[in-house]
Amino acid sequence: MVWSKQDASWADGIAVAKEYAAAHGHFLPPTTAVWEGHPIGAWAKNARAAARRARENEELRAAGRPVPSAAGAMTEARRDELDAIDPGWCPVWDTGWQRCLRLVQIHVQAGRKPSRRQRFGWEQLLPVQRWILENTLKVTPVEEEERPVKQTQDTKWAVNLAAARVALFTSSAVRLPRSWGPWAMTYGSRSTWMTVASCPADRAVWGSADWGSAGRCPGRRTA
């Protein structure tokens with residue numbers, strides 16, 4: 001039997017796909033993935049495009065509409081080959097989501113708990129994605145009382161002020177960490193300076209702070 005170059009390339013790709021799936025637990029390689037010197041990521045991307053073309057043609061035929069062209073569409077036999085390696089290799093949704101699902105399934109099988117992130121983005125998932133999460137990972141949408149309460153400006157101020165007090169008591173001056181940059185820029189700018197007399201509750205922190213003008217402290221923005 002004489003194979004064409006396309007058939008030989010396909011056979012090579014299938015062989016590498018089996019190896020990749022055996023090593024990773026799925027056949028959802030990123031586009032840049034290379035396995036055993038084979039650009040399996042690009043190969044898988046092209047295969048998914050061909051499978052989706054075939055799926056679109058089938059939908060057109062089922063609806064009684066003409067099919068523009070069968071060129072580039074994957075044959076059913078080749079789809080069966082890839083389905084045998086990984087039934088979820090060509091999802092309707094984003095491939096990255098499917099890859100994460102497979103990795104989480106592996107972690108759950110190892111006794112770990114799934115991430116809660118999908119619970120908070122439940123509304124953005126397709127019905128079939130929700131079904132998969134509920135029935136394979138026992139993940140359910142987050143309850144309203146579980147959602148984090150959004151902090152107001154007052155609560156953010158209180159948290160940062162408390163942290164500044166701790167910083168002051170452990171050093172001779174308030175040296176803010178780099179992660180406090182946005183807060184420092186907001187409340188430490190020239191437009192937000194207040195006199196110590198106008199914020200007596202914070203005098204213990206800001207009265208001796210190395211923040212610029214003596215006898216003045218940064219306070220809440222009033223306008």
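Observations, loosely collected:
- When residues of the range 1-35 are limited to those that are in a loop (DSSP other than H, G, I, E, B) and among the aromatic types (Phe, Trp, Tyr), the one farthest from residue 82 (Cα to Cα): 3
- Filtered residues of the range 55-104 (kept if outside any loop (DSSP other than H, G, I, E, B), touching a helix residue (DSSP H, G or I) at 6+ places or on another chain (Cβ under 9 Å) and of a type in the set (Asp, Glu)): 76, 81
- Some residue of the range 58-68 being among the basic types (Lys, Arg) and without any contact (Cβ under 8 Å) to a residue 12 or more places away in the chain: yes
- Test: residue in the range 49-58 that is among the aliphatic types (A, V, I, L, M) and exposed (fewer than 11 other Cβ atoms within 10 Å of the Cβ): no
None of the figures in this text is laboratory data; all of them are computed from the coordinates on show. These numbers were taken from a predicted model, which means no experiment stands behind them. Cβ coordinates were reconstructed from backbone atoms using ideal geometry, including for glycine residues, and neighbour counts include every protein chain displayed.
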